[in-house]
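Peer 1: Have a look at this one.
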Amino acid sequence: MRTFDRALRQVRHASRFLGERHVSSIGFNRVRTVQILSAPSAFSLSKLSYNEGIVRSLIFSGALSTTAAADSAGVDATSSGPLMEYERRISSGELADGDNFQIDTLRVLQRLYEQLVENAYICKLDRYNTSEKSGRSRWLWSRFIPQSSYSPVKGLYLYGGVGTGKTMLMDLFYDQLPSNWRKKRIHFHDFMLSVHSRLQMHKGVADPLEVVAGEIADESILLCLDEFMVNDVADALILNRLFGHLFSKGIVLVSTSNRAPDNLYEGGLQRDLFLPFIATLKERCIVHAIGSSTDYRKMTSAEQGFYFVGDECSELLKQKFHQLIGQAIPGPQVVEVVMGRQLQVRLGANGCAYFSFQELCDRPLGAADYFGLFQRFHTLALEAVPKFGLHNRTAAYRFVTLVDVMYENKSRLLCTAEASPVELFERIVTVADAQKISPRTSSRSQKTVDLDLCVDNELGFAKDRTISRLTEMNSREYLEKHEADLQ
């Protein structure tokens, strides 16, 4: 009975979806409402032309196949999903109680989950059903119903402060989705690296972005992107056309970010060319702010861990590195990066790599190099992380990216630094912060200190995330979990 009820909902939704469109290709007007008898064992389609009856039959069979597939996979949107899983983890003690902001966000994610389950057939989420719709059945369907390329389900753009649980909540949502769906969860840095790599492969094609979008849509209809942050002009200039193609091919986007859509790529080069993407994003996604001011990463039992302050700790860092590699003998190694590039590792052994900050962040390296590094190594020993300011702003950007990639890969960091995580970034400020501190720069001595003040909105926002992640990565819970994952 539950399958039948869900099938009726599918038919009603499909009827509304079709009712909005004029089907001129087969010569009849707006589709009329399906009339279903209340008899428990039968239903009929009445007051319909012959062609309309075929269309309705196709819709209803599609709905039945969706619900049957959902039932066979054990999916019941009303008794499963991220909200239910969150409550289970709270009850079992796996998670601490969240605040009302997290609960509100989970309700939004639960609604999206239920919409996707209910519209799985229309959205072509099931990779097996999609592959079966080849040949005659696909031809028959397309003859009677013009294919709407945009998904009937809107995506979700979650944004908020650092440590508010955005990534955890998105992962909770993603983990509850059926395994047979065409879905992908990936960090935004990694996603854009994949896009640029694909573009290289399709050089010479009239519109390589459309080809790349087609490949991505074939692989994944539901795309979950973590840490959406645009600070590269090459990314900014292609995002609108790329996602225009993706959305037109039915992609549903779920994304997390520290920035509201209107603040993405703020102050960036040629931002006027980026603004249409913001409009597209807001049109195809529900925008939801997590208003919590709690940084849950800092609620761990933070200890010093492997974060050592002071130049005199360099010998201690080397001792810890050698303890971790055991009897292995460290030596130079080469890491393969995307598009044939290579990264030279000065010392590496037993999954651990040793670099100076200058080698890893003061050279023209980027996310691709760091992703390649942590596909090979699970631990990084990094020597002499400096305080950041105007003089080493580019290195600060690389360090932020490095920490993002390490966190995404659940890697372990050992480092010596000039100061604590908060003090490393004290001279990196947003425009708003700079305006607040400007009255205090009137004295001659203070002006001398502030010559290295770096006013950068993108970096000013990103630094909070980096500080939060460095704190968590040196907590007992994080390090114990890392150790357990290596077993």
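Each reported figure results from applying straightforward, stated rules to the coordinates on display, with no laboratory input. Note that this is a predicted model, so its numbers are computed, not measured. With ideal geometry, Cβ positions are generated from the backbone for all residues, glycine too; neighbour counts draw on all protein chains shown.
Peer 1: I need the Kirkwood Rh of the range 299-486: take the reciprocal of the average 1/r across all distinct C-alpha pairs and report it in angstrom. Each step should come with its number before you reach the end.
Peer 2: On the way: mean 1/r = 0.0572 Å⁻¹.
By the Kirkwood definition, the hydrodynamic radius is 17.5 Å.
Peer 1: Still on this structure, please answer the following. Subtract the Cα-Cα distance of residue 350 and residue 315 from 0.36 nm times their separation in residues, and report this length gain in nm to one decimal.
Peer 2: Value of the extension gain: 10.6 nm.
Peer 1: Please list log₁₀ I(q)/I(0) at q = 0.10, 0.21 Å⁻¹ for the range 149-294, using the Debye equation with identical point scatterers on the alpha-carbon positions.
Peer 2: Scattering profile of the range 149-294, log10 relative to I(0): -0.33, -1.51.
Peer 1: Which entries of 154/436; 184/387; 203/249; 166/320; 124/282 show an alpha-carbon separation above 30 angstrom in the structure shown?
Peer 2: Values: 154/436 39 Å; 184/387 37 Å; 203/249 21 Å; 166/320 33 Å; 124/282 23 Å.
In this structure, 154/436; 184/387; 166/320 lie more than 30 Å apart at Cα.
Peer 1: Quick one: if the Förster radius is 30 Å, what FRET efficiency do residue 269 and residue 338 give, using the C-beta to C-beta distance and rounding to 0.05? Walk me through the intermediate numbers first.
Peer 2: Numbers: r = 24 Å, r/R0 = 0.80.
For R0 = 30 Å, the calculated efficiency reads 0.80.
Peer 1: Once fully extended, how much extra length lies between residue 394 and residue 100, figured as 0.36 nm per residue of separation less the alpha-carbon to alpha-carbon distance? Could you put the intermediate results ahead of the total?
Peer 2: Details: separation 294, 0.36 × 294 = 105.84 nm, distance 3.80 nm.
Using 0.36 nm per residue and subtracting the Cα-Cα distance, I get 102.0 nm.
Peer 1: Follow-up question, since we're still on this one. Taking θ = phi - 60°, what integer Hz values does the Karplus form 6.51 cos²θ - 1.76 cosθ + 1.60 yield along the range 152-158, in sequence order, with x for Gly and Pro?
Peer 2: Going residue by residue, I get x, 9, 6, x, 9, 10, 9 Hz, with x marking Gly and Pro.
Peer 1: In the range 303-386, which chymotrypsin sites (Phe, Trp or Tyr not before Pro) fall in coil by DSSP and have 10 or fewer other Cβ atoms within 10 Å? Don't jump to the answer; show the numbers that get you there.
Peer 2: Working: sites: 306, 307, 308, 321, 354, 355, 357, 370, 371, 374, 377; in loops: 306, 377.
Sparse-neighbourhood loop chymotrypsin sites (Phe, Trp or Tyr not before Pro): none present.
Peer 1: Evaluate the relative contact order of the range 149-294 (contact order divided by residue number), counting alpha-carbon pairs under 8 angstrom at least 6 apart; express in whole percent.
Peer 2: Working: 217 pairs, mean separation 62.4, N = 146.
Reported relative contact order: 43 percent.
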